[in-house]
1. Would you confirm, using the coordinates I've provided, whether M679 is of a type in the set (A, V, I, L, M) and either open to solvent by 50 Å² or more (accessible area, probe 1.4 Å) or modelled with pLDDT of 90 or more (or both)?
2. Can you tell me which residues in region 526-570 are hydroxyl-bearing (S, T, Y) and either part of a strand (DSSP E or B) or touching an Asp or Glu at 6+ places or on another chain (Cβ under 8 Å) (or both)?
3. Kindly indicate whether any position in region 237-246 is touching a residue at least 60 places away in the same chain (Cβ under 8 Å) and of a type in the set (S, T, N, Q).
4. Go through region 357-375 residue by residue and tally those that are at pLDDT below 60 and either surrounded by fewer than 12 Cβ atoms within 10 Å (Cβ to Cβ) or charged (D, E, K, R) (or both).
5. With region 177-247 as the region, which strands (runs of 3 or more DSSP E) entirely inside it contain at least 1 residues that are open to solvent by 10 Å² or more (accessible area, probe 1.4 Å)?
6. What pairs come out if I take residues in region 820-841 that are farther than 22 Å from L593 by Cα and pair them with residues that are surrounded by 21 or more Cβ atoms within 10 Å (Cβ to Cβ) and of a type in the set (A, V, I, L, M) whose C-beta lies under 6 Å away, six or more apart or interchain?
7. Here are some conditions: (1) under 30 Å from T598 (Cβ atoms); (2) surrounded by fewer than 19 Cβ atoms within 10 Å (Cβ to Cβ); (3) at pLDDT 85 or above. L848 meets all but one. Which one does it not meet?
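The values are calculated or read from the model by the stated rules, or taken from the named source; none is laboratory data. All figures in this text were calculated on a predicted structure; none of them were measured in a lab. Neighbour counts run over all protein chains shown; Cβ positions are idealised from the backbone, glycine included. Only protein heavy atoms, including side chains, enter the accessible area calculation; ligands, DNA and RNA are left aside. Shrake-Rupley method; radii C 1.70, N 1.55, O 1.52, S 1.80 Å.
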Amino acid sequence: MREEVIAVHRFLHVCPLYQMSECVSVMLLFCFVLLFAEALGAKEDRAHCKMLGSTESPLLSKEGDFTIGGAFSIHTEISKPSLSFTDMPQQLKCSRMNLREFHFAQTMIFAIEEINNSSSLLPNISLGYKVFDSCGSTLPATRAVMSLMNGEERSLGKTCSFQSSVHAIVGASESSSTIAILQVSGIFQIPVISHFATCACLSNRKEYPSFFRTIPSDYYQSRALAKLVKHFGWMWVGAVRSENDYGNEGMATFISAATQEGVCIEYSEAISRNDPSEKVARVVRIIRHGTAKVLVAFLAQNDLNILLEEAVKQNVTGLQWVGSESWITAGHIASKRYAAILTGSLGFTIRKSKIAGLQEFLFQFWEESFGCSFNPSMHGQIQCSGSERLDDINNPFTDVSELRITNNVYKAVYAVAYALHDAFKCDENAGEMNQSCKWKDPLKPKQVVENLQRVNFTLPSGERVYFNENGDPRATYELVNWQKNQAGDTVFVAVGSYDASLPNGKQFTMNGINIIWADGSFERPQSVCSESCLPGFRQAMIKGKPICCFSCIACAAGEISDSNNSVECSLCSLEYWSNEDHSKCVPKVIEFLSYGETMGALLATLSLFGASLTLVVLYIFFRFRHTPLVRANNSELSFLLLLSLTLCFLCSLTFIGRPSEWSCMLRHTAFGITFALCMSCILAKTVAVVFAFRNRRPASTLPQCSAPLQKTGVLSCTSLQVLVCVLWLTLAPPYPYRNTAHATDRIILECDLGSPVGFWAVLGYVGLLAVLCFILAFLARKLPDNFNEAKFITFSLLIFCAVWLTFIPAYVSSPGKFTVAVEIFAILASSFGLLFCIYAPKCYILLLKPERNTKKHMMGRSQLK
């Protein structure tokens, strides 16, 4: 069995060349084999199980009734031994001390000493500790947890205790190292409380039932970073992450959340501190040549260090860095060496707190602070004089101004203490003068896990500590900004906050403090793949490009976009239209034939001119009413016809102006009745001419029809039209109508006919009278007379019919207000045709040729015949 143990021991040293999960699986499999061997009676061999991983002594330790283990990355570099596979590999060595992690370890010790001195928390129980160096790597972390569990140094002893030497483990600082620890400790249900492991994967209670942490999960931080990027309008960002569980899980969650927020990732690169320099240089070149002005860095501190060194070499400046909590408040990174690169960095971190007495406790380790030694053994090492003043220096170890992660270590230790306090039922003796905790049976790790899940206490600072069902604390963050103080040093200024427990829309808030950006100014940088589309434009996807890369296309007519970067244009409602910029819906132009426009004014002028001219003719006829010419043309009918023509000219005015209920009803009925009256008068005159010339008695050359009969005919024909109009107005009268179908960009305000049948009946009746007049006048055109009125009536009605026959197709096809204009034109044209053709020759004789206005001259042709 000893040979098998040595073989696995060698494999443990070779393990950096393999996947960590494989290493752990081999070791655990071997342990299970030994346990199975014990069940078969091979008790002698089971002693060798304890040597697996027991390869080192704790860096810091103290005995106590119950022991808390600690795993911190006190060193950041690990040696890579040569592997000959013939000799025993050299033991792995860690180097390059990390004062910040040593600060965490001392904080753990400080909390334990504070609890031991407490009379109310675990009053008669002392806590011990064992602190191991995990070197920021999974293999040393595995070795550390094996050493914590075994409780002895590396040996081949014959005794093996299956009771863990620690009851809880605080650590580690990296998610990958914490997972490696859990893969071993989780089998024995030893609780692990991490102060800095944020991987969302650790919230999986099925895989890690004994894990707790005092820092929120990256599930919340990644979403907070996505909201932060969206809040500042950075839709085009680059991303770099650590190539481990922390970086991969955190960045995957960020990319998913950012995509939901509409943010695009130009590139996403991964690095590790163990990567060759060529790979790191390639990643930095990608960052330098990228078009994104914002870089989201989900990196562990050690990985960020090598990235920044290469960024300094390639002079990468001008980027707005957005960092994760692992480095955003790391004081040693905020040095002048990286100031040009990281100025104005933003990121979420844990709220800082104060721990009374911690600074004094840390001052005893002043040697590391000054970098000196009382026994220098290396060339160039500084001899300590013993007269240095600790309050003159400031380094990550003694600095207590930014107690964020440090406070998480403090909370983790107190959580274990309260869990033990509850497990021993110390509160049952709370009424006694001297409190004490009683326990008989050995405390099992499972009991500690169960009590950790239930802890709920408040620290002296007022902070409440508890865990949810996944072992996570409440997710609250501060948004910090890297700014310069008056001395030129970088300080972390809280400019906002994020509380995941609040409803959406209220989680992220800014406190109003000005932010310093990457260029050192107060002007926020822009990071977009495409410039914003202004209002009036919409985004159009570019084939083969992410959704954040787009072209801007103007909205179509009738559509608007009222904000920047609109994905689509909105259609205006029915009575609205887009303005010239397509940025706002404005009421559509109301279109109707008005007096204020040129066409309306011209038609109104022609209408008034026609009416005035008709009245002038009426006056002329009235003045010469006793002359043969006027008497021969039936003066009463002539006066009535002139009056009806005046009304025909004036009725066209009802078609001009904004349509209303009364104007819509009046315009067509007035038109129908006045023209019916006009045609009735012409019809009566034509009938009178025909009958007059059909009478063969010589004594009655110019006889006239009976006046009552003519009046009755005019009244009857007009009354029939009035009846049609009354029925139309009663059953389905015309009404104002907002026509939005004919034109998309305007509303045509028109009169709806109400009943098309009524309209065409009125128009048809006028047409019927006109046709009858035309036929009769045409038949009488060759009757003997020096002044045969039938000829002029025939010609006037020819014009009248031509106008109205042309009107029908023009009326149907004319758009908008031109429909009304066509109708007015037809009224005016036909009215002028009647006026000029019938009365112009008469006025010519009355005014210019009075010698022809005699009875003899008018009867001359008849007598010659």
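1. No; evaluated as a whole, the condition is false for this residue.
2. S551, S561, S570
3. yes
4. Matching residues across region 357-375 total 4.
5. Correct list: 236-242.
6. L835/L645; Y839/V617
7. The single condition L848 does not satisfy is (1).
Rundown of residues vs (1) buried (at least 19 other Cβ atoms within 10 Å of the Cβ); (2) modelled with pLDDT of 80 or more; (3) among the hydrophobic types (A, V, I, L, M, F, W, C); (4) closer than 25 Å to G833 by Cα, yes/no style:
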{"site": "V714", "(1), (2), (3), (4)": "yes, yes, yes, yes"}
{"site": "E750", "(1), (2), (3), (4)": "yes, yes, no, no"}
{"site": "A761", "(1), (2), (3), (4)": "no, yes, yes, yes"}
{"site": "Y765", "(1), (2), (3), (4)": "yes, yes, no, yes"}
{"site": "L769", "(1), (2), (3), (4)": "yes, yes, yes, yes"}
{"site": "P784", "(1), (2), (3), (4)": "no, no, no, yes"}
{"site": "F787", "(1), (2), (3), (4)": "yes, no, yes, yes"}
